[in-house]
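The values are calculated or read from the model by the stated rules, or taken from the named source; none is laboratory data. What you see is a predicted model, and the numbers here were worked out from it, not measured in a lab. FYI the Cβ positions are ideal-geometry reconstructions off the backbone, even for glycines, and counts take in every protein chain you see. These area figures cover heavy atoms from the full protein model, side chains too; ligands, DNA and RNA do not enter into them. Shrake-Rupley method; radii C 1.70, N 1.55, O 1.52, S 1.80 Å.
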Amino acid sequence: MNVSTYYREKRILITGGLGFLGSNLAHKLVSFGANVTIIDNLDPLYGGNLYNVGSVRDKLKVIIGDIQDESLITPLLVDCDIVFHFAAQVSYIDSLNIPFRDLDLNARATLSILEIIRKHNLQTKIVFSSSRMVIGKSNNRIVDESVPTNPLSLYAIHKLTSEKYLLMYHSDFGIPVIIFRITNPYGVRQQLKHNKYSLVGWFIRMAMENKTITIFGDGKQLRDYIYVEDIIEAFLLSTANPKSNGEIINLGSGYSSEFGEMVKNIIRIVGSGEIKYVDWPANYERIETGNFQVDISKLKSLTDWAPSFTLEQGIRQTYEYYKLKLSHYI
Ligand SMILES: NC(=O)c1ccc[n+]([C@@H]2O[C@H](COP(=O)([O-])OP(=O)(O)OC[C@H]3O[C@@H](n4cnc5c(N)ncnc54)[C@H](O)[C@@H]3O)[C@@H](O)[C@H]2O)c1
């Protein structure tokens, strides 16, 4: 089946849909003719931005509100075929400073969505944005979905808790759920206000402002950077396949790059900025995951997806975007 046909006229709710992943997804779904509703509270700490959907504003519905407001979210969930649940406290670094807020958003809100669906509409499919962080240190293994989890931050503990809620409601009540463990996403429509998550975008900003980019340690740790268009394609293809129901799926590019190489690429492509190496600060080192290489064979077995963007192409595309639109994101 053509994937666009699957989504045509489907009723789709995107929580956190004014943010980076949600808005990129919304653009694609609108182009397929889906009926898209976004709920987002535009919390200034995160990447919610009305500008992200400016060009498709008349083709979707935007509700400014909090996902924790059950009277607001219940009718939206009752009236939908698929919910992409992306709203979150996104910073793993902040999670220790705001532990209960992180618990509320990254765990309790998922349980609340599941309960509403259990009571009102068991057919609603939930697609959840989890994170590679649930694994913790990879200890130089290539991480597939069966590697034991050992989260190092409250963010990751609460994401893992949501995963468990989703799998339980799937097995006990048959609710279709799909969990994506996303590696290191970057690309257009991402906030560049701070460096508390998603460093590629932040470093592009630093380079554009001809600033010094600080690398902790030797910069040799491996990361799997994935460009946002590839992520959205993987979401769409996997969600359309009923075999994905009840599955945890790694979502990365399948290629690993050294952190320092990523920064050098940015400086070369942008043509300004410089690098400074410093020691790891103690509070970062504790939660640093070390090398992270991910096995994406499950994703590939469920779909005919393959990444289209190399790191260099993705950085180039991101830079071209922010060259024109930086002021909307800082
Ligand atoms: N960016 C990353 O590095 C990364 C990596 C892995 C997983 N994820 C996950 O992907 C999802 C999307 O992240 P993103 O990168 O698009 O971040 P983002 O900050 O761009 O988007 C998050 C959105 O959630 C909204 N939001 C936050 N609290 C809300 C609330 N209480 N009610 C309604 N809306 C609320 C924000 O306003 C924002 O628009 C998150 O669940 C995140 O944990 C992100």
For this session: Could you tell me what fraction of 2.2 N^0.38 Å the Cα radius of gyration of region 8-123 comes to, as a two-decimal ratio?
Result: 1.04
Exercise. Counting Lys and Arg as +1 and Asp and Glu as -1, each charge on the Cβ, what is the dipole of region 4-108 about the Cα centre in debye, to the nearest 20?
Worked result: 460 debye
For this session: Estimate the FRET efficiency between residue 255 and residue 210 by the formula 1/(1 + (r/R0)^6), using the beta-carbon distance for r and 30 Å for R0, to the nearest 0.05.
Result: 0.55
Problem set entry | Stretch gain in nm, segment residue 140-residue 276, where the contour uses 0.36 nm per residue and the Cα spacing is subtracted | 46.4 nm
For this session: Return the FRET efficiency for the residue pair residue 68, residue 167: r is the Cβ-Cβ distance, R0 is 25 Å, and the value is rounded to the nearest 0.05.
Result: 0.65
Problem set entry | Contour excess over end-to-end distance, with Cα ends at residue 269 and residue 42 and 0.36 nm allotted per residue | 78.6 nm
Exercise. If you roll a 1.4 Å probe over the heavy atoms of the protein chains, what accessible area per residue do you get for region 171-330, in Å²?
Worked result: 42 Å²
Exercise. If you line up the long axis of helix 199-208 against the longest principal axis of the chain, both from Cα atoms, how many degrees apart are they, to the nearest 10?
Worked result: 50 degrees
For this session: For region 54-122, divide the Cα radius of gyration by the Kirkwood radius and give the resulting Rg/Rh value with two decimals.
Result: 1.02
For this session: In Å³ and rounded to a whole number, note down the convex hull volume per residue for the Cα atoms of region 119-278.
Result: 136 Å³
Problem set entry | Peptides 33-46, 136-149 ordered by average Cβ neighbours within 10 Å, highest first | 33-46, 136-149
For this session: Can you grab the distance from the C-alpha centre of region 43-82 to the C-alpha centre of region 107-130, Å, no decimals?
Result: 16 Å
For this session: Kindly express, to the nearest 10 degrees and within the range 0 to 90, the angle between helix 109-120's C-alpha long axis and the longest C-alpha principal axis of the chain.
Result: 20 degrees
Exercise. Could you work out the helix-only [θ] at 222 nm for the chain, with each DSSP H run of four or more residues adding -39,500 (n - 2.57) and the total divided by the number of residues, to the nearest 500 deg cm²/dmol?
Worked result: -11000 deg cm²/dmol
Exercise. Ranked from highest to lowest mean number of other Cβ atoms within 10 Å per residue, what is the order of the peptides 15-24, 318-327?
Worked result: 15-24, 318-327
Exercise. When only C-alpha pairs under 8 Å and at least 6 residues apart count, what is the relative contact order of region 1-131, in percent?
Worked result: 26 percent
For this session: Find the eigenvalues of the gyration tensor of the Cα atoms of the chain, then list the square roots of 5 times those eigenvalues as equivalent ellipsoid semi-axes, largest first, in whole angstrom.
Result: 30, 22, 19
For this session: Just add up the charged neighbours of residue 106: K/R +1, D/E -1, any other residue whose Cβ is under 13 Å from the Cβ of residue 106.
Result: 0
Seminar exercise, completed: Once residue 2 and residue 81 are pulled to full extension, the length gained, defined as 0.36 nm per residue separation minus their Cα-Cα distance, is 26.6 nm
Exercise. Using r as the Cβ-Cβ distance of residue 93 and residue 9, and R0 as 41 Å, what FRET efficiency do you calculate, to the nearest 0.05?
Worked result: 0.50
For this session: Kindly express, to the nearest 10 degrees and within the range 0 to 90, the angle between helix 259-270's C-alpha long axis and the longest C-alpha principal axis of the chain.
Result: 80 degrees
Exercise. Accessible area per residue of region 1-47 at 1.4 Å probe, in Å²?
Worked result: 36 Å²
Seminar exercise, completed: Restricted to the chain, the DSSP antiparallel beta bridge percent, nearest 5, is 5 percent
Seminar exercise, completed: For the table 220/323; 10/125; 193/220; 28/323, the rows whose alpha-carbon distance is greater than 18 Å are 220/323; 193/220; 28/323
